[in-house]
1. For the chain, find the longest principal axis of its Cα atoms and tell me its angle to the long axis of helix 97-114, 0 to 90°, nearest 10.
2. Reachable lysines from Lys357, Cα under 22 Å, same-chain residues fewer than 8 places away excluded?
3. At 1.4 Å probe size, what's the solvent-accessible area of Arg517? Round to the nearest 10 Å².
4. Could you compute Rg(Cα) / (2.2 N^0.38 Å) for region 230-376, with N its residue count?
5. Report Glu525's accessible area, 1.4 Å probe, all protein chains in place, as a number in Å² to the nearest 10.
6. Just how much of Glu272 is accessible, in Å², when a 1.4 Å probe is used and the result is rounded to the nearest 10?
7. For the chain, find the longest principal axis of its Cα atoms and tell me its angle to the long axis of helix 19-35, 0 to 90°, nearest 10.
8. Once you order the gyration tensor axes a ≥ b ≥ c over the Cα atoms, which shape class does region 262-330 get: rounded for a/c under 1.5, otherwise prolate or oblate by comparing a/b with b/c?
Amino acid sequence: MAETLLFNPRTYDPAQFDPETRRLLRATVDWFEGRGKRRLIEDYRSRAWLADFLAFAAKEGLFATFLTPASAADGKDQRWDTARIAALNEIFGFYGLDYWYAWQVTILGLGPVWQSGNTAARTRAAELLAQGEVFAFGLSEKTHGADIYSTDMLLTPDGDGGFTATGSKYYIGNGNAAGLVSVFGRRTDIEGPDGYVFFAADSRHPAYHLVKNVVDSSKYVSEFRLEDYPVGPDDILHTGRAAFDAALNTVNVGKFNLCTASIGICEHAMYEAITHAHNRILYGRPVTAFPHVRRELADAYVRLVGMKLFSDRAVDYFRSASPQDRRYLLFNPMTKMKVTTEGEKVIDLMWDVIAAKGFEKDTYFAQAAVEIRGLPKLEGTVHVNLALILKFMRNHLLHPAEFEPVPTRLDAADDTFLFGQGPARGLGSVRFHDWRPAYDAYAGVPNVARFREQADALCEFVTTAAPDEEQSRDLDLLLAVGQLFALVVHGQLILEQARLTDLDEDVLDELFSVLVRDFSAFAVELHGKDSATADQQRWALGAVRRPIVDEARSERVWERVEALSGSYEMAP
């Protein structure tokens with residue numbers, strides 16, 4: 001039934017993993033369940049720092065086990081395994097984004113270290129992880145944001161082979177407590193990209209000045225300033241263009257985590273929302289007896305299932321990446337942009353149903369409704385990631401290449417390529433396998449077939465009515481095109497994972513009825529853009545489709561949604 005598709009702490013058994021991974025995932029769930037809902041919510045409301053959670057993680061060796069690559073490991077269970085990292089993201093999201101955030105920025109802080117050839121820094125990082133320390137990623141600045149071309153963190157040669165670093169960083173998670181902060185800056189004696197430097201700093205050093213937490217939250221998102229901070233050879237992680245590549249490649253690793261955190265948030269909120277709505281009587285009937293309520297909750301449910309299917313399949317491509325197979329560079333911003341915005345829609349649909357209940361201070365939903373907004377805005381905005389995926393559109397849709405099938409990747413392997421991605425360029429040359437077979441496999445599912453018509457229409461658009469050179473400078477128009485392309489990619493990986501997991505076709509059909517509506521809505525949006533040509537306007541209206549309606553199918557899916565009522569409630 002429905003519960004098998006969603007994370008449920010009552011029944012959770014991550015049997016797909018090795019014994020130590022299973023133990024740590026289950027121990028994490030048990031720790032949160034043991035604290036109870038009242039404490040969880042009160043810590044969120046009081047903005048308490050996460051000291052007790054970090055003490056638990058240190059005692060269990062959680063971060064050290066999951067975030068130490070095999071090349072730096074001192075234990076047999078230590079590796080960088082994206083599949084189990086994704087599973088932990090979902091658990092942290094389920095119980096509170098503050099916990100996930102401390103973990104997430106630790107991942108970002110480790111990125112430049114594990115990409116570095118500096119043995120001393122790598123050894124230090126592994127030791128700090130073993131001690132239960134957290135890490136931070138000192139990239140963005142108050143004036144320039146994440147515009148790393150314009151960094152004002154300046155490193156001045158000290159005459160002895162080292163530097164002194166002076167400057168500030170802004171919006172840096174864990175900046176209050178990080179044992180190691182990976183800081184991006186530039187040398188004062190070298191102009192241009194060759195002057196970039198990534199170096200390791202310690203938040204406890206006297207020359208490290210913590211200014212403030214820039215958000216009103218348990219998440220400590222710091223502003224800090226370095227004043228003549230001594231940077232020796234053992235602190236240098238990367239120099240020159242390699243420092244620039246390390247920054248972008250670290251974000252590639254880190255932004256993948258946003259999708260599964262979003263899934264966890266939506267799952268917990270869904271249990272609350274459906275249980276509340278199904279047991280609330282309005283005008284003598286349960287709220288869930290109203291047709292519009294059923295539609296909103298069913299839409300929320302199938303969207304959430306789609307989020308999970310896409311993200312699970314994207315893990316396989318991420319783990320199977322290599323210099324010859326860089327398909328992850330499309331699927332990664334898709335998880336960051338598409339899955340997280342789907343999460344916002346899921347929460348909004350449920351909030352329309354439960355209304356004022358979503359504000360109550362004793363609910364998880366109240367924090368979910370706030371925190372779900374942050375994920376599309378972290379590690380690059382939706383617009384930035386949409387613009388990025390457009391670089392892949394023509395090759396993906398029109399010029400497929402031959403690849404061996406990528407299997408489900410739940411093996412206990414170390415994902416070494418993630419820290420050897422190489423230069424961050426050449427996106428336009430990345431090739432993809434043919435997207436059509438995934439759709440062909442489900443040609444008998446009515447709404448998959450209907451959506452396939454729209455996907456084929458998009459290929460026609462790219463061939464006959466694509467934006468010209470002038471329109472290519474109109475980002476507003478391009479973003480509407482990007483949304484249409486994103487839906488085709490979203491559907492493709494959903495279908496691949498549906499085949500691998502033998503997903504119920506009722507759920508799949510209902511999900512694609514939602515995607516057909518979404519494609520039609522974005523086509524209408526494109527039609528209304530100021531710079532859309534007459535041909536593009538005609539194409540847009542011609543791409544609008546009505547989903548195939550099947551009342552019996554919708555009723556069967558609703559029964560799965562209804563079964564969620566009362567299936568999980570966190571202990572008080």
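1. The angle comes out near 50 degrees.
2. Within the straight-line cut-off, Lys357 pairs with Lys37, Lys345.
3. That residue has around 90 Å² of solvent-accessible surface.
4. Details: Rg = 20.2 Å, N = 147, 2.2 N^0.38 = 14.7 Å.
That ratio works out to 1.38.
5. 80 Å²
6. Approximately 40 Å² for this residue.
7. Roughly 80 degrees, rounded to the nearest 10.
8. Numbers: a/c = 6.68, a/b = 3.63, b/c = 1.84.
Taking the square roots of the gyration eigenvalues as a ≥ b ≥ c, region 262-330 is prolate.
The values are calculated or read from the model by the stated rules, or taken from the named source; none is laboratory data. These numbers come from a predicted model, not from an experiment. Glycine gets a Cβ as well: all are built from the backbone with ideal geometry, and neighbour counts include every protein chain shown. Ligands, DNA and RNA are stripped out before the accessible areas are found, and what is left, the full protein with its side chains, is counted by its heavy atoms. Shrake-Rupley method; radii C 1.70, N 1.55, O 1.52, S 1.80 Å.
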